[in-house]
Amino acid sequence: MRATASVPLKTVALPTEHGGWGFTLEPLFLGLLLSPGPHTLGLFLLGLFGFLARHPLKLLYQDLRRGKRYARTTLALRVAGVYLVLALAGFLLALATAQGPFLLPLALALPLGAFMLWADLQGRARELLPEIAAALFMASLAPAGVLAGGLGERVALGSFLALALRDVAALYYARTYVHVKTSIGHNPKGLPRLPPPAPQRASAQRVSRSSPARKRLCPSLPCFLGLTGRTRCSTSPVRNAHTKARLKGTKSRESLSPRVTCVASRSNPRPFRAPKSRSIPHLSPYTSSTR
């Protein structure tokens, strides 16, 4: 199988998705790690070449839908045929050497695979739900390998849940990252460009360090940081706990202050004379006796 004069073999034989490789190889290697043997090797061939066959089959479908036959059409047909034969060989190997019902996870994941295939044919494969469906469909190969090796259902379920949670989190993270990149000016293919920022905001972001406006703002920065730290410290839990303990001790001293004042004033009343300033009455020991 050689590439034609105008179409390289790489553009037809290898898919362009980068994340699809991880979503495909992770469950295959996890199955080999948990239950090594010819059954998981067969599932490895089934998952790998089934994933590789998707790209040439898609190209073949697009050409036949247009009603035209290009140079890549024949090449895509040959490549897809080789991939499907290898995938079928892997499935037969797993079927002949399996020690458990490995077809159950694959049968439960068939609706997800059908939905992913329909979305791919409609040109909606880059949406969130088709991507999640494709990732979960490929994750079903890990419990299939576990059950084919004769391990328990708990191990199979745990392997699937671990992959499913990881795949969903990775997809959400990737889409959020692309959204942030798009909002600051980058525009990946297939995503709408967001409106540019306001001129005032853009001009404020372009203020250089040597500009007069920045020099006027620099002296106020230490003041702002100092006030922020002062506010933060005054509302900290440690300071609040210390204040409550101090007020509690003050109340106890106020309850005992009348007796102390009465006893001490008989011997020497001058040192215990009430002060003229009462700006802080809650800290004075004479507040309860002078009311």
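Overview of values
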item	result
The stretch 1-142 - convex hull of alpha carbons, volume per residue in Å³	109
Net +/- balance of residues flanking Phe23 in space, Cβ distance below 15 Å, scoring K and R +1, D and E -1	-1
Potential extension, Lys68-Val178 segment - 0.36 nm per residue separation minus Cα distance	36.0 nm
Surface share of carbon and sulfur [accessible, 1.4 angstrom probe, percent] for the stretch 1-119	72
Global form of the stretch 57-118, assessed from the alpha-carbon gyration tensor, a/c cut-off 1.5	oblate
Ordering of 148-157, 63-72 by packing [mean C-beta count within 10 Å, highest first]	148-157, 63-72
Net charge dipole size for the stretch 3-124 [Lys, Arg +1 and Asp, Glu -1 on Cβ; Debye, nearest 20]	620
Contour minus Cα-Cα distance for Glu153 and Ala107 (0.36 nm per residue)	15.0 nm
Anisotropy class of the stretch 84-129 from Cα gyration tensor, a/c 1.5 cut	oblate
Residue-span extension gain [Thr97 to Leu129] - 0.36 nm each, minus C-alpha spacing	8.1 nm
The stretch 83-183: relative contact order in percent, alpha carbon pairs under 8 Å with at least 6 residues between	29
For the stretch 1-112: accessible area per residue (Å², 1.4 Å)	57
Pairwise label distance in nanometres, Leu77 with Ala89, each label 7 Å out on the Cα-Cβ vector	2.3
Leu161-Leu14 pseudo-label distance in nm [points 7 Å out on the Cα-to-Cβ vector]	3.8
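The values are calculated or read from the model by the stated rules, or taken from the named source; none is laboratory data. As the structure is a computational prediction, the values presented were derived from the model and not from experiment. Please note: Cβ atoms are built from the backbone with ideal geometry, for glycine as well, and neighbour counts cover all protein chains shown. For the accessible areas, the whole protein counts, side chains as well, though only heavy atoms, and no ligand, DNA or RNA atoms are used. Shrake-Rupley method; radii C 1.70, N 1.55, O 1.52, S 1.80 Å.
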